[in-house]
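Scroll down for the structure; my scribbles are underneath it.
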Amino acid sequence: MPRKYEGFLFYGHPDLSGVNKSERCKKIFEDFENWEAYSNANQIIELYNLNKLINLDKKPVLWTDELYALNKERSKRICGIICKFFSGLTLEQLKAVYNEIDVLYIADFWDIFCKTKIYLKYSEDEFQEFLFASKVNLGLLLKKKYLIEKFGIAVRNYIMSNPMHAETLVTEFLQKHQEDWGPLYFPKELSTENKQELIKAYIDSPDPNPNYLSLIAQEDNPNELKLDSKTKFDAYKKKKELTQAFFKERKGVVATLSVEFCPMGGEGNTIYRQEAPSNMIFQYDQDWIDQNLDYPTLLNNFYWFDFVDNRGRCNFVWRRAEASLVELLMNTKGRKEYPSDIGFRAANYLALLQMSNYYNFLRSRGIEIENIFKWFFEVYLLEEFGAEGFVYEASSPNTTTGERNKLIATQIDHVLKQFDLFCTYGIIDREYLEFTSQHTIFKDVPSMIPCKYAYSDSTFLNQEAEYLFSRASYLIYIDSTDEIVESFYDLLMVRNLNISEFNEIQRGQLDFLVDRGLIKITTEGYLRLDRNRAAILRQIYEKEYLCLSYEKTDDDPLKSMLDNNELKVESSLFSRPEQKYLNYILNKSEFSNGLDLRNKYIHSTHSLDEHAQFEDYMRFLMVMAIIIIKINEEFCLRGSNHNTCLFEAEAQ
């Protein structure tokens, strides 16, 4: 949208505003004798912004004390000029004024309209006429509670006049908001039926936004935007139709991931190669698998495939640190949606390919993966750890994929209930297990390891990690280097940085890091990083938690973090990110876009497409592999004679 007026806009901080617009502000204040003659609404609103700057009672950086005092005195005339200008407007003049206002000044117009109580001079019919004639921005209008209460019928009629206004309802009631999101106020006259009627009109409109259609289809907010199943289904179908049409007209960029098992000599090598900018191939040593077909090694291969990291953390989960800034800020996310950005989808697709190729490879050798799972629960746990009573019912080779999915869905609940009983009572009472019928809740599955996970419980700790590792950290940008780095940590690794290289705002952030003990500054002004503290912060930033069994909790800096209650310690089989991921894959208890695999197969609402069923089976196998890795880790960490969480080959 082209700008109508290039005026000063106050952003809330005198230093930034003063630096960027100092000359403009100076020029307007020097013209104070002509303020009374201003006839353009943008000039009046610019004065309003100048007044907001002065009212902060903080001198802009580039102003002298004398200039600040002079302009503060001059600004006392601004409120009167604003009131005089707007209070004298007729309805027709108000329409004309609104249409000449620059887009960046519209929010200020509504502030002035309410603060000066100009709206009191207009009737509801007149206000409605103004709304329709001016085609006002609905989102900005709905921020003004008193206007909505006074002109409820007019606002309701304006909302219903345009199907595209449905996007405002969807944004307010179905979309996930940023922390600084302010509430919108809808008129009480806008009924539940009105809202559904508007949503239906939007779905049937010529050009609905597919992102909003997704939110309508998947999100629920029955208290504010109650939609029936047919409306949600219509949104789903319309989005599917638009997506197919879009890709039919455009080729797009094709990105591929491939997984191959190739002869490599039996050393267990892995090769990653990129044949094209968007074609990545992962190759694994087929000879290694053929030479090591014992069950423990076949289970250990899931470590080889990087299903977990070196501390047993599942690598399939979404992590905020791995998401791009564009995806975090620009994507339209539902209020209860599990994040599924490009990185997350790629990681899960790679794991799906690994599992499907591994499954087919082992079947060609006469081995069923579920028989390996059965061996783990019924033989390995008993012989290696004396854990008696675990049972796993594996699918038979001739079972259809749909039936396999139904069975393994129940087995996930089954093995977790068995582990819960063993963890709580030390034995698995089969009669008690058969007596209980409650559904497994992943966050409630206990751990045999006390103080297993630690999560940041400190805004200061989070801020340290952000400054050090975030790609958006302001500390990355210094004039004296041409280094292209991902984080301030990387910059510290490649440069011997001096405090003199940083500007005033950056020094404030460095002072914070010094106070926190992360950075020390030498007498010559050089920065020195506490690498032990940085290692802890890296895990907090990148993984979102620590696995305390792998850390030295008696040593600083971790000990001081624990002693100062900056870390919240919990014990459960699954970490918080893993709990969320499992809920996303298996049900819809937490996330609106959950795959809901367990419930779909338990209640026979799954797809009848055989390829889709096979992919679902691979996902079930991925989940069971993670469960087995986590349970094996529990027994290994609990035992004093286990220094590794790998499956022991001699147990077979």
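The values are calculated or read from the model by the stated rules, or taken from the named source; none is laboratory data. Not measured: the values here are computed from a predicted model. Ideal geometry is used to build each Cβ from the backbone, glycine not excepted, and the neighbour counts take in all protein chains shown. SASA here: full protein model, heavy atoms, side chains in, ligands and nucleic acids out. Shrake-Rupley method; radii C 1.70, N 1.55, O 1.52, S 1.80 Å.
Structural remarks
- Cross-link table 240/600; 4/135; 144/336; 543/630, entries beyond 19 Å C-alpha to C-alpha: 240/600; 144/336
- Counting only lysines at least 8 places from residue 121 when in the same chain, those with an alpha carbon closer than 16 Å to its own are 84, 95, 150.
- Peptides 375-387, 28-40 ranked from most to least packed give 375-387, 28-40, packing being the mean of other C-beta atoms within 10 angstrom over each peptide's residues.
- Per residue, in Å², the accessible surface of the chain once ligands and nucleic acids are set aside, probe 1.4 Å: 50 Å²
- For the chain, the relative contact order works out to 11 percent when only alpha carbon pairs closer than 8 Å and six or more residues apart are counted.
- Where labels lie 7 Å past Cα in the beta-carbon direction, separation of residue 555 and residue 335 in nm: 4.8 nm
- Estimated dipole of the chain in Debye, rounded to 20 [Cβ of Lys and Arg +1, of Asp and Glu -1, Cα centre]: 2160 debye
- Length-normalised contact order of region 1-137 in % [C-alpha pairs under 8 Å, at least 6 apart]: 31 percent
- For region 507-544, the residues whose amide N sits under 17 Å from a probe point set 7 Å from the Cα of residue 480 along the beta carbon direction are 507-511, 520-529.
- Legend: calculated FRET efficiency, residue 258 to residue 290, from the Cβ-Cβ distance at R0 = 25 Å, rounded to 0.05, equals 0.75.
- Among [x] 83, 66, 46; [y] 97, 88, 50; [z] 93, 70, 52, the entry that matches Cα extents along the principal axes in Å as calculated here: [z]
- Amide H within-cut-off set for residue 175, under 5 Å, with H built and near neighbours excluded: 335
- Assigned charges on the beta-carbon of Lys, Arg, Asp, Glu; region 377-500 dipole about Cα centre (debye): 180 debye
- Nitroxide proxy distance, nm - points 7 Å out along Cα→Cβ at residue 388 and residue 135: 8.0 nm
- Using alpha-carbon coordinates, inclination of helix 229-249 to the longest axis of the chain, degrees: 90 degrees
- Between region 494-567 and region 107-140, the C-alpha centres lie 51 angstrom from each other.
- Most to least packed among 237-247, 579-589 [average Cβ atoms within 10 Å]: 579-589, 237-247
- The residue list 622, 602, 579 was ranked by how far each Cα lies along the charge dipole of region 476-633 toward its positive end, using unit charges on Cβ atoms, and 602 comes out on top.
- Using θ = phi - 60° in the Karplus curve 6.51 cos²θ - 1.76 cosθ + 1.60, the 3J(HN,Hα) couplings for region 447-458 round to 10, 7, 9, x, 6, 7, 10, 10, 10, 4, 10, 9 Hz; x is entered for Gly and Pro.
- Proximal lysines relative to residue 237, as straight alpha-carbon distance under 18 Å, when same-chain residues fewer than 8 apart are discounted: 200, 248
- Taken as Cα centroids, region 606-633 and region 362-394 sit 16 Å apart, rounded to the nearest whole angstrom.
- The aspartates and glutamates within cross-link reach of residue 417, meaning a Cα-to-Cα straight distance under 16 Å and a gap of 8 or more places when in the same chain, are 378, 388, 393, 429, 431, 434, 444, 634.
- With all pairs of separate Cα atoms included, region 138-183 yields a Kirkwood hydrodynamic radius of 11.5 Å.
- If the chain linking residue 72 and residue 281 were pulled fully straight, counting 0.36 nm for each residue of separation and taking away their Cα-Cα distance, it would gain 68.6 nm.
- Extending 7 Å from the Cα toward the beta-carbon at both residue 610 and residue 515 defines two label points whose distance is 6.6 nm.
- Region 166-198-region 398-436 distance, computed between alpha-carbon centres (Å): 43 Å
- Using the Cβ-Cβ distance between residue 115 and residue 64 with R0 set to 30 Å, the FRET efficiency from 1/(1 + (r/R0)^6) comes to roughly 0.45.
- Computed FRET value (nearest 0.05) for residue 126 with residue 603, which takes r as the C-beta separation and R₀ as 51 Å: 0.35
- Close amide H contacts of residue 567 (hydrogens built in the peptide plane, cut-off under 5 Å, sequence separation of 5 or more or a different chain): 457.
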